[in-house]
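For reference, the structure discussed in these notes is given below.
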Amino acid sequence: MSNKSKKASTGVKKRGVLETLWRYRVLELMCLPAIVFFFMFSYMPMPGIWVAFVKYNYRKGIFGSKFVGLQNFEFLAESGKLFSLTRNTVLYNLAFIILGNLVAVIIAILLNEIRAKMFKKVSQTLMFLPYFISQVLVGLLVYSLLNYDTGFVNEILVALGKAKWQPYSDPSVWPWLIVLIHLWQQTGYNSVVYFAAICGIDAEIIEAAKVDGANAFQRIRYIILPSLRPTIVILILFALGGIVRGNFGLFWNIIGSNSVLYETTDIIETFVYRATMSDFNFSTASAVGFYQSLVGFAIVMLANFAVKKIDPDYSLF
Amino acid sequence: MKKKLLATLLSVSMVMGLAACGSSTADSTTTGADTTGAQTQSADTAKTDTSAGADAAAIDTSEHVVISYMTTGDPPESGSEKEANLNAMLDELNAILTEKVNAELEIYYIPWTDYLSNYNLTLARMDGSVDLVGTASDWLDAWPNAKNGAFLELSEEMLQTYAPQTWASVPADHWELCKYDGDIYLMPEDNYAQWTNHGWIYRLDWAKEAGLSNGVHSWEDMTTYVKWCKENKTDLKYVWDSDGTQYAQMANGWIASHTNFVPIDGICSGALWGGSKDDLYTITTPALTETESLVEYAKLMKEWAEAGVWPTDVLNNTSGSNRDEFRVGDVAVEQHHTQTWTDLCSATPANTIFQDDPDAEVGMFYFGEETGNVIALSITHGAMAVSAGSDNPERALMVYDLIRNDPECYKLFNYGIQGVSWDLDANGLRTTPEGYNSETQNINGMTNYWWGRNDDLEIKDSTRNWDAIDKLYAEYDKIKIDYPYGQFVPDVDSIQGKIDNCNEQYTNYMKQISYGLYNGSAEDIVAEMQAALKTAGIEDVTAELQSQFDALYK
């Protein structure tokens, strides 16, 4: 310690790494939990990606197993479904990202405009609750609502003298239904972030706008939305990284093994799960995960690059 | 400066990551050495075992160990009466085991929900949490796990020393069928008569009412039966409350009933590849070749679906419990194997249809009846293996030898405590004592010991309908052929991706075909399936399997 302080006193220009570390020690200490977390759970397991390139043997371990090159990657290409799977995954995620953020922003703004405190809290809680329901239960709820023989919706249709609806045999309705279910489940949670961002806007600006005679819509258009822009951009950039990663729990529990619906509902995760369950192949599954990570990484880099070109302030790095 | 800082942090993390991994690899190697790991090490152990074999009495059992036995099945609820009864039996059994081999047994359950993935995951952990592993070459991935290194190679010396009775009771040609690459991995259940060929289980009394005085003996009869039930038994929940998972068995059943196809077990769930009875060693794929028959099948199943035999959204009907509904008369059909039928056709306390209706009879139409195409069970349909992660493989073998061959241990483990869970009647048959409650005292339904049952020690269950069962068994014995491919453990590494893709395609189309859920014509859906199978590489797989067949059999 004394060594470093001596160095600091000798020259200000040539600061060593250790010195820099020492200088920002308080900030680093505050960062430490996050650093430890990411180190433990993101960096330490990283060499394990090697499993995607071997024929994994339990006893020989990841690094002792036979190297097979890209053989584990062939499986996805050979399926002949890579295109339709990637398409479904990406389109669903786009819908989730765009609609999800749009609705969340709208809800956050509406919540912000509500003056009755009680109503505001109650409605926020109610919207938040579905987030805590397990996907398994969501799957059962959807089945109980929609199934043909005893479903709630069909009971009502029959009572009204209408013909029954058969969604579980009709692939075309599921993109709508799944996006709807996703929004129902996630919007409450997502809107909290935006709501917090709105609360963080300097009250003086809004007060000033009010004094200047801006109505509620003008305040939203000219103050709140522009202030939310960085948050929106960052959240979307983060979400884009996972654009080739599907929400396995949601799709598996709602669609399950109903192959009639796969045309519009099969995503990479569900396909890989079904196809590799039969031989329990860690290596193939890791290869697919690696492929998804690479594509996700490329998309984040591209998006970040694009954002940087448009407005450097909003880019992640 | 910032960049430098980041670079340092990253490189430090990389180095530490590598170091961490290095140590974990070292760990796994040591574990391997402990429990007979790689090929070279197994040779060493074999030597030690030989010396031990020379002096069997000198086996060191001074340390008391707990052997964990892994089986599929739902555990009794913790704290329930059921669990207390199981523990009472285990206490008695463990007293014997402690006395004889200074070990005790505990049961490690793999619940039925997603059992295959949990089963494989547990094996992959290799942390010594399980010792004895109940396995099967056709329904529990015995061979893939052996290849992945999950099971311990059992040397002849080890078996002779630690499981001498088992070693002596299994003939040499049966041990041959338990080998992969020259090493024994499985101890087969080869002395237990059972039939697990699938078929339709139905109400024979209702079939007679429907005009099938002789019962159901073909798919056409079955069609008559289900339609009659739909029209006349209106208080049923469904004719068949299927949960949408029987598509493959139905399709296999149709093919067995219309061809001489003999499927190869254990390649994939769909039974896509096999030989035929007249030409066992030429690989055929009925999914591609039996187009006309499959179209007929697709049409017939559409007919069943339109008649409303099963729930409309059958593929999402995960909550069905058809078998229990069959027991109480809420449904008219169950699709499963003969062993299940032996239970359902018997007037046991659980099967209340027989109490409610004195005329009730349960029949079985087995797949392949029309063509006489029935294949006897492979002896590795049930087998015991030892986990390669086990800390006490020797003691595990000793415990297995006792529960498989020792009459006292066998009866305790399979039936429970005599006088509580079972008893002998005047004819020497097994009955249930007074006050017996099948819900809580059925030990057999809790130990799930399907990996080494032994007909020398079995006591026939007096509640079973032996007249009907023996009659059907005799019929099977007349037409059966032995499973011909017991020794064929294909090396599928290079074609695994294609097999997975073929199975996936076949499964997806068969769900639609078997449950009549496809849109468009039957011809179209079958053609579409065949095209998809070809894209997935079914012909490459056939060629590869054929070349391995030729190498083995020709």
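Looking at B:S462, B:S378, B:S390, B:S438 in this structure, which one is of a type in the set (G, A, S), within 14 Å of chain A (Cβ to nearest Cβ) and at negative phi?
B:S390
Under 8 Å by Cβ, and 6 or more places apart or on different chains, what pairs join a residue from region B:306-320 that is facing another protein chain (nearest Cβ under 9 Å) with one that is buried (at least 23 other Cβ atoms within 10 Å of the Cβ) and of a type in the set (K, R)?
B:L315/B:K511
Name the one entry in A:F37, A:F63, A:F41 that is under 28 Å from A:G188 (Cβ atoms), within 12 Å of chain B (Cβ to nearest Cβ) and without any contact (Cβ under 8 Å) to a residue 60 or more places away in the chain.
A:F41
Would you mind telling me which numbered condition in (1) closer than 30 Å to B:S78 by Cα; (2) assigned by TED's automatic domain parsing to the domain that holds B:G73; (3) surrounded by fewer than 23 Cβ atoms within 10 Å (Cβ to Cβ) B:D425 fails?
For B:D425, the exception is condition (1).
For residues that are within 12 Å of B:S68 (Cβ to Cβ) and among the aromatic types (F, W, Y), scanning just region B:92-117, find the one that is farthest from the chain's Cα centre (by Cα).
B:Y108
For region A:92-108, state whether one or more residues are polar (S, T, N, Q) and at pLDDT 90 or above.
yes
Picking from B:G452, B:G445, which residue would you name as being under 24 Å from the mean Cα position of the chain (by Cα), part of a loop (DSSP other than H, G, I, E, B) and surrounded by 13 or more Cβ atoms within 10 Å (Cβ to Cβ)?
B:G452
I'd like the residue in region B:133-178 that is in a loop (DSSP other than H, G, I, E, B) and among the polar types (S, T, N, Q) and, out of all such residues, is surrounded by the most Cβ atoms within 10 Å (Cβ to Cβ).
Ranking the candidates gives B:S137 first.
Quick one: which helices (runs of 4 or more DSSP H) sit completely within region A:17-103 and have at least 2 residues that are closer than 28 Å to B:C502 by Cβ?
It comes to A:71-78.
Would you tally the residues in region A:283-299 being of a type in the set (A, V, I, L, M, F, W, C) and surrounded by fewer than 19 Cβ atoms within 10 Å (Cβ to Cβ)?
Total meeting the criteria: 6.
List every residue pair whose Cβ atoms lie under 9 Å apart, where the two residues are 6 or more positions apart in sequence or sit on different chains, the first residue falls within region A:211-225 and is farther than 16 Å from A:Y194 by Cβ and of a type in the set (S, T, Y), and the second residue, located anywhere, is at pLDDT 90 or above and assigned to a helix (DSSP H, G or I).
Here the result reads A:Y222/A:A209, each pair linking region A:211-225 to a residue that is at pLDDT 90 or above and assigned to a helix (DSSP H, G or I).
So which residues in region B:465-496 are without any contact (Cβ under 8 Å) to a residue 40 or more places away in the chain, within 14 Å of another protein chain (Cβ to nearest Cβ) and either buried (at least 18 other Cβ atoms within 10 Å of the Cβ) or farther than 28 Å from B:W175 by Cβ (or both)?
Within region B:465-496, B:Q496 is the sole residue that qualifies.
If you check every pair at least six apart or on different chains, which have Cβ atoms under 8 Å apart with a residue in region B:108-137 that is away from chain A (no Cβ under 13 Å) and in contact (Cβ under 8 Å) with a residue 40 or more places away in the chain first and a residue that is in a loop (DSSP other than H, G, I, E, B) and of a type in the set (V, I, T) second?
B:Y108/B:V130
The values are calculated or read from the model by the stated rules, or taken from the named source; none is laboratory data. Nothing here was measured: the structure is a model prediction, and the numbers come from that model. When we count neighbours, we look across all protein chains shown, and the Cβ atoms used for this are built from the backbone with ideal geometry, even at glycine.
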